[in-house]
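In what follows, a structure is listed as structure tokens, so that the remarks can point back to it.
The values are calculated or read from the model by the stated rules, or taken from the named source; none is laboratory data. Remember, predicted model here, so these are calculated numbers, not experimental data. Backbone-built Cβ (ideal geometry, glycine too); neighbour counts: all protein chains shown.
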Amino acid sequence: MNGGFAGRILHIDLSQRRFETEELAPDGAEKFIGGFGLTVKLASEIIVPGTDPLSPDNPIVFGAGPLVGTSLPATSRVYAVTKLPQSNAIGWCGGGGVTFGCLMKNAGYDHIVIRGRADRPVFIKIIDDDIDIVDAQSLWGMGVAQTCSALWEMVGRPAGIISIGQAGENLVSFSMAYIDRLSTIGRGGFGAVMRSKNLKAIMVRGSRGIQVANRKRYRELHNTMVTNIREYPYLKEWQHLGLLKSLPFTPEGMDYNKIRKRRIACVSCPIGCKEVIEIPDGEFMGSLIHSSSIVNLLTPTVYGFTDYREAIQCVSLLDEYGLDMFEFFGVMEFAKDLYAQGRLPGDAFDEEIRLESFTAMEKWARKISLREGFGNILADGFEGIIKQFGEECRPIAPYTVKGMLPYTGPRGPLPWNLFGTMELGQALDPRGPHVGAGGSPTYFARRPLTVFPRHLQRMGVPDEAINRILGTKASGEEYLEIGRLLKYSHRWFAILGSLGICARAQINRFYNAALCAELYESVTGLETDLDDLRKRADRAWTLLWMANLREGMTREKNPLPDKWFQEPGFNDYLTDASLSRDEVEKMVEDYFDEQGWNRETGIPDQKRLKELGL
């Protein structure tokens, strides 16, 4: 196999307690880049249409791209593709790989395919060629960090771990998995999918190393990137503040420098956005918290928490259970509103729902994660609650997309009313809402159109497409076609994910599409120019779309949420005028058209499929 690739796929059948390795086909690797793209290809080939997400027949496919395991900056990203229970879609789950992706590649595997269901709780142990399916009864009932600590004590470090907490064990619809107890992977119920296989965790360690094909060119490109990063004027601020650099969110009374214990970075990342926080005083004094970011830890202040220490402790608790924080608070708010309007039985709650109270949220997190009392109903999320108490409850629910709560929106947890690619992408990514913004310049900022061309060129958008996306009409009026821009945002996301590059803004700013093609060629030895890379990314994204069309996820069956067009609704990115349904439907059609799919149905035609070699 060429450089960059470990060269093997590991297949594990939990039902038969059997495993085998398969050589990675060079043709497939080249056509789909690797990582995200090749994971989509493998999953689309083996997921049988109509499979129940929580059945033993629903496989999980993990993958890490060809740059993962090299020393290139921030190349650790891990992806999983499976059928997700919240959206019922074949969806991707991505996370910062911390050590998992690198160690999986070093063990000799680009991908791990897991099928079946074990007859009792297990974890998978992979140490180079030594693979074992190990009884996990002693781990059952543990939280995420507890599980990681127990496994590290058992097998030593380094070891990359993907694990679930009690919420996953109890099939909570919004349970997630975590990588090395830090990175979330699997909005949409991925934790429940792992539990449906009786799979508590996957642990991997490898010692093989990754080769590069053209060492001289690789070294030149690597050294230039490192120099650019070292000379970046805001590097020290990013390294010190993490995501507070882009979201300067500091509650009253909090001194970040006082609570910051240290920063953790994924393998090869020169910045590091993961946090180790120590609560300095108060009830939780001395608590040591590990998290994907300080911004996550402070999110409960959006819901009324006034003590930042309680906010941090609350998110740490949700992470330990393996609960999606945004879904948890959204479900609690929905239940509170239903109760206030008399839609729930008078004796439904033995604990009042107070979103601003740590004590109340601590109790409800436990009830949901262990499915105790009314928590058993809340554990099935928005759709489960509506199924239990009737469709007349739906108007009271926050707006959802594919059964999930979007992060952003006029009434979202992170209020934002300008309609850009992130917002439209919530509806047009088959997996549903997520935070993979794809590098779009519309993400959480209103920027002048004069800065867009350079940004789009970095994303690899061709000049002729830039002219379709933005410009000035004969009347002098500026235009920005969000639907057309989204196509290239999805492509850029697919390029970064397939290579294994972190998509966070503080690191992907040092990459551009032309550089990605050069890096891919120097690492793998596969002849690749920018057009080749763009085409392969489009191939992967179109295949993901087609796999979901096969599942019946047509445009008609996935309408835009009605609440997008109710007060307060979204506003146009340029003019700030309220958006109508017709205007957003046109964006959807522009997206389809830019992809080369049927403008009305979104079904790729034979000409486009032939162009992509599908």
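I'd like to check which helices (runs of 4 or more DSSP H) are fully inside segment 199-284 and have at least 1 residues that are under 29 Å from S316 (Cβ atoms). Steps first, please.
Values: elements: 215-230, 235-241, 256-259.
Because the criterion is at least 1 residues that are under 29 Å from S316 (Cβ atoms), the helices (runs of 4 or more DSSP H) in segment 199-284 that meet it are 235-241, 256-259.
Residues checked against (1) out of contact with any His (no Cβ under 8 Å at 6 or more places or on another chain); (2) more than 15 Å from T99 (Cβ to Cβ); (3) β-branched (V, I, T); (4) crowded, with 24+ Cβ neighbours inside 10 Å:
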{"residue": "V155", "(1), (2), (3), (4)": "yes, no, yes, no"}
{"residue": "P158", "(1), (2), (3), (4)": "yes, no, no, no"}
{"residue": "D180", "(1), (2), (3), (4)": "yes, no, no, yes"}
{"residue": "F190", "(1), (2), (3), (4)": "yes, yes, no, yes"}
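Which members of segment 223-281 meet the condition of being among the aliphatic types (A, V, I, L, M) and more than 16 Å from R504 (Cα to Cα)?
Just the residues of segment 223-281 that are among the aliphatic types (A, V, I, L, M), to begin with: 225-226, 229, 235, 241, 243-244, 247, 254, 259, 264-265, 267, 271, 276-277, 279.
If the condition is that a residue be among the aliphatic types (A, V, I, L, M) and more than 16 Å from R504 (Cα to Cα), then M225, V226, M254, I259, V276, I277, I279 are the ones that fit.
When you look at L549, is it part of a helix (DSSP H, G or I) and surrounded by 21 or more Cβ atoms within 10 Å (Cβ to Cβ), yes or no? Spell out how you get there, then give the answer.
Working: part of a helix (DSSP H, G or I): yes; surrounded by 21 or more Cβ atoms within 10 Å (Cβ to Cβ): no.
Spelling it out, it is not the case that L549 is part of a helix (DSSP H, G or I) and surrounded by 21 or more Cβ atoms within 10 Å (Cβ to Cβ).
Determine which member of the set G330, G384, G375 is more than 22 Å from Y178 (Cβ to Cβ) and not assigned by TED's automatic domain parsing to the domain that holds G91.
On the way: G330 fails: more than 22 Å from Y178 (Cβ to Cβ); G375 fails: more than 22 Å from Y178 (Cβ to Cβ).
Of G330, G384, G375, the one residue that is more than 22 Å from Y178 (Cβ to Cβ) and not assigned by TED's automatic domain parsing to the domain that holds G91 is G384.
Restricting to segment 84-130, name every residue that is more than 30 Å from A494 (Cβ to Cβ), touching a residue at least 12 places away in the same chain (Cβ under 8 Å) and not in a loop (DSSP other than H, G, I, E, B).
Filtering segment 84-130 down to residues more than 30 Å from A494 (Cβ to Cβ) leaves 117-123, 125, 127-130.
Filter again for touching a residue at least 12 places away in the same chain (Cβ under 8 Å), leaving 117-123, 125, 127-129.
Selection gives V122, F123, K125, I127.
So the check is Cβ under 6 Å with 6+ separation or different chains; which pairs have a first residue in segment 189-200 that's closer than 13 Å to F123 by Cα and a second one that's surrounded by fewer than 24 Cβ atoms within 10 Å (Cβ to Cβ) and not hydrophobic (A, V, I, L, M, F, W, C)?
As it stands, the answer is K197/R117; N198/R117; N198/P121; K200/P121, since those pairs meet every condition given.
Hey, could you check segment 404-418 for residues that are in contact (Cβ under 8 Å) with a residue 40 or more places away in the chain and part of a loop (DSSP other than H, G, I, E, B) and say which is surrounded by the most Cβ atoms within 10 Å (Cβ to Cβ)?
First pass over segment 404-418, keeping only residues in contact (Cβ under 8 Å) with a residue 40 or more places away in the chain: 404-405, 407, 409-411, 413-414, 417-418.
With part of a loop (DSSP other than H, G, I, E, B) added as a condition, the list becomes 405, 407, 410-411, 413, 417.
Numbers: L405: 28, Y407: 17, P410: 19, R411: 14, P413: 20, N417: 17.
Step by step, filter segment 404-418, then rank; the result is L405.
With (1) surrounded by fewer than 18 Cβ atoms within 10 Å (Cβ to Cβ); (2) part of a helix (DSSP H, G or I); (3) not polar (S, T, N, Q) as the list, and E22 as the residue in question, which single condition is left unmet?
Every condition holds for E22 apart from (2).
Return the pair list, or none, for Cβ contacts closer than 7 Å from residues in segment 132-143 that are assigned by TED's automatic domain parsing to the domain that holds S15 and on the phi > 0 side of the Ramachandran plot to residues that are among the aliphatic types (A, V, I, L, M) and assigned to a strand (DSSP E or B), at least 6 apart or on different chains.
Listed by first residue and then by second, the contacts come to nothing, as the list is empty.
In segment 453-489, which residues are assigned to a loop (DSSP other than H, G, I, E, B), of a type in the set (D, E) and over 25 Å from A427 (Cβ atoms)? Working first, answer last.
If we filter segment 453-489 for residues that are assigned to a loop (DSSP other than H, G, I, E, B), which is where we start, we get 459-462, 473-477, 481.
The next check asks that each one be of a type in the set (D, E); those that pass are 477, 481.
The one that is assigned to a loop (DSSP other than H, G, I, E, B), of a type in the set (D, E) and over 25 Å from A427 (Cβ atoms): E477.
Output the residue which, of all residues in segment 294-313 that are assigned to a loop (DSSP other than H, G, I, E, B) and surrounded by 18 or more Cβ atoms within 10 Å (Cβ to Cβ), is farthest from the chain's Cα centre (by Cα). Reasoning before the result, please.
First pass over segment 294-313, keeping only residues assigned to a loop (DSSP other than H, G, I, E, B): 304-307.
Retained after the next criterion (residues that are surrounded by 18 or more Cβ atoms within 10 Å (Cβ to Cβ)): 305, 307.
On the way: F305: 26, D307: 29 Å.
In this case the residue turns out to be D307.
Given the options W545, W564, name the one that is aromatic (F, W, Y) and at pLDDT below 95.
Result: W564 is the single residue among W545, W564 that is aromatic (F, W, Y) and at pLDDT below 95.
Of G37, G69, G108, which residue is closer than 30 Å to W152 by Cα, surrounded by 24 or more Cβ atoms within 10 Å (Cβ to Cβ) and not assigned by TED's automatic domain parsing to the domain that holds G552? Even if it seems obvious, please write down each step before you answer.
Numbers: G37 fails: closer than 30 Å to W152 by Cα; G108 fails: surrounded by 24 or more Cβ atoms within 10 Å (Cβ to Cβ).
Within the list G37, G69, G108, the selection yields G69.
What's the number of the condition E275 fails, among (1) under 25 Å from W416 (Cα atoms); (2) without any contact (Cβ under 8 Å) to a residue 60 or more places away in the chain?
All conditions are met except number (1).
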